[in-house]
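Here's the structure we're looking at; comments come further down.
The values are calculated or read from the model by the stated rules, or taken from the named source; none is laboratory data. Here the structure is a predicted model, which means the values were calculated and not measured. All Cβ positions, even for glycine, are placed from backbone atoms using ideal geometry, and neighbour counts span all protein chains on display. Remember, those area values only see protein heavy atoms, side chains included, never the ligands or the DNA or RNA. Shrake-Rupley method; radii C 1.70, N 1.55, O 1.52, S 1.80 Å.
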Amino acid sequence: MTDISDIPAHIGFIMDGNGRWATAKGMPRKFGHEAGARTFENIVESCRDLGIRYATFYAFSTENKSRPKDEIDALMLLFDRYADDIFRRIKNGETKTYENVRIRFVGDLSYFSEKRRKSISDIENINSDKEIRLTVCIALNYGGRNEIVNAVNRFISANPGKTVSEKSISENLYAPDVPDPDLIIRTAGEMRLSNFLLWQSAYAEFYATPVFWPDFSENDLKKAIESYSKRTRKFGGISK
Ligand code: FPP
């Protein structure tokens, strides 16, 4: 680690490569998702400790629903177990991972059962009386196009006859108070956004690493931030 002069306020993570990580070890894909969930917790802690204010994690996309049923079932079981576990550990003061961390969920949550939506809202409310250093958004049944369509429809139904603007779309996203991401990190070597934060990432910097998500470490995160801090962001203007 040489120099981190510019810490991004908001990082988006495309957590890719769980399946390949497990397959390379001769293990079932769900084993990779379980390892990925442990990495998620490590990276939450690192983000908070490095002074990042917002982190959005792409956990389950609208397109992931086309995966084989047993993989979707395994992922849902993992989310349920995690949700219960996170809630219990925070409530009983058994974890430092979520200290000063607020968790939110973004995506079309109407897809989930009432029971799952209840645990989602329990988790969202649990640290509401604490000082918050990091807000974590977990993108579940999330699709960027779906989010934009949803925002437009929400605006139109609240403002019949009015014209949609950039501001009105931004104000009707799933988490309108969360600033746009400065940096999007994708693991496992792919170079695409895959429908993640399409509206919000208009001027985000993109960083790809070949490391599979279960192996992604605080050191890898620091390398990504270091690369980000050396870039010149122009937002469509010219370099100063
Ligand atoms: C992509 O890897 C990963 C997913 C579709 C699921 C991501 C979920 C987790 C990391 C668990 C997160 C848990 C919580 C509690 C937020 P892939 O299956 O597409 O991997 P592959 O491209 O190698 O097949």
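Across the cross-link table entries K25/K230; K69/K118; K25/K91; K69/K115; K65/K223, which are compared at the Cα atoms, the separations over 29 Å belong to K25/K230; K25/K91; K65/K223.
How high is the FRET efficiency from E41 to K130, r the C-beta distance, R0 25 Å, rounded to 0.05? Here the calculated transfer efficiency is 0.90.
Heavy atoms of the protein chains alone define the surface here; on that basis the range 83-230 has 52 Å² accessible area per residue at 1.4 Å probe size.
Scanning residues 5 or more positions from Y142 or on other chains, those with amide H under 5 Å from its amide H are F60, S61, T62, D108, with H placed 1.01 Å from N in the peptide plane.
For the range 1-135, just say rounded, prolate or oblate: build the C-alpha gyration tensor, square-root its eigenvalues into a ≥ b ≥ c, call rounded for a/c under 1.5, and beyond that prolate if a/b exceeds b/c, oblate if not. Taking the square roots of the gyration eigenvalues as a ≥ b ≥ c, the range 1-135 is oblate. Quickly work out the T232-to-D73 label distance, labels modelled 7 Å from Cα along the C-beta direction, and quote it in nm with one decimal. Label-label distance for D73 and T232, simple model: 5.6 nm. For the chain, hydrophobic long helices are taken as DSSP H runs at least 20 Å long by C-alpha position along their axis with mean Kyte-Doolittle hydropathy of -1.0 or more; these are 29-50, 69-91, 144-158. Between K222 and D84, the simple label model (points 7 Å from Cα in the Cβ direction) yields a spacing of 3.8 nm. Under conditions of 37 °C and 0.692 mPa s, the chain yields 175 µm² s⁻¹ as its translational diffusion coefficient, taking Rh as the Kirkwood radius over Cα pairs in the Stokes-Einstein equation. Carbon-plus-sulfur accessible fraction, the chain (probe radius 1.4 Å, protein heavy atoms only): 50%.
Annotation: amide H of F206 within the under-5 Å range of I184, sequence separation 5 or more or interchain, hydrogens built in the peptide plane. Measuring between their Cα centroids, the range 137-179 and the range 52-98 lie 24 Å from each other. Note on the range 91-203: Cα-Cα pairs beyond 25 Å make up 35% of the total pair count. When each of the peptides 66-74, 117-125, 160-168 is scored by how many other beta carbons lie within 10 Å of its residues on average, the order from highest to lowest is 117-125, 66-74, 160-168.
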